[in-house]
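*Asks:* Dropping a structure here in C-alpha cells format, bear with me for questions.
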Amino acid sequence: MQSAEKRTVSARIDFRVNRELKEVIERAAIVSGQSLTDFAVTALLQSATEVLERQERTRLSDRDRDAFLALLDSKAEPNAALKRAAKRYKKQHR
C-alpha cells in the first residue's frame, strides 16, 4: 500500500479524538514506523476495505435471492454431481 505522502492529496477528513486515544494511535504509528497521518489513513482504508468486502460477500441481488429461496422451497432431489461434491466435501472435512 502506498504511503499517504506518495498519493495525490485532494480531499480532507477531519475528526477529533480524546487525548488518551490520540496517544495510543501515535504510539502505534511510531512502532509501525509511520507518520500519524500515514498510520491513520492506512488503518482507515484497511478497515473500510474489510467492511466493504464483507458486505459484498453477503449481499445477493433480488434475482439471486429469489433463485436461492426457490431452490430451498423446491422438492428437487440432488443430482449426481451434487452428490459427488457432497461426498468429496465430507471426505476432506472429517
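Please treat every number below as a calculation from the coordinates, not as lab data. These figures come from a predicted structure and were not determined experimentally. Ideal geometry is used to build each Cβ from the backbone, glycine not excepted, and the neighbour counts take in all protein chains shown.
*Asks:* What is the calculated FRET efficiency for residue 15 to residue 93, with r their C-beta to C-beta distance and R₀ = 41 Å, to the nearest 0.05?
*Replies:* E between residue 15 and residue 93, to the nearest 0.05, is 0.35.
*Asks:* Given the DSSP H assignment, sum -39500 (n - 2.57) over each helix run of at least 4 residues in the chain and divide by its residue total; what's the result at 222 nm in deg cm²/dmol, nearest 500?
*Replies:* Calculated from helices alone, the mean residue ellipticity at 222 nm is -21500 deg cm²/dmol.
*Asks:* Please name whichever of 17, 43, 81 sits farthest to the positive end of the charge dipole of the chain, dipole taken about the Cα centre and charges placed at Cβ: Lys and Arg +1, Asp and Glu -1.
*Replies:* 81
*Asks:* Testing the spin-label approximation: label points 7 Å from Cα along Cα→Cβ at residue 80 and residue 23. State their distance in nm.
*Replies:* Taking the simple label geometry, residue 80 and residue 23 are separated by 7.1 nm.
*Asks:* With label points built 7 Å along Cα→Cβ from the Cα atoms of residue 51 and residue 70, find their separation and express it in nm.
*Replies:* 3.5
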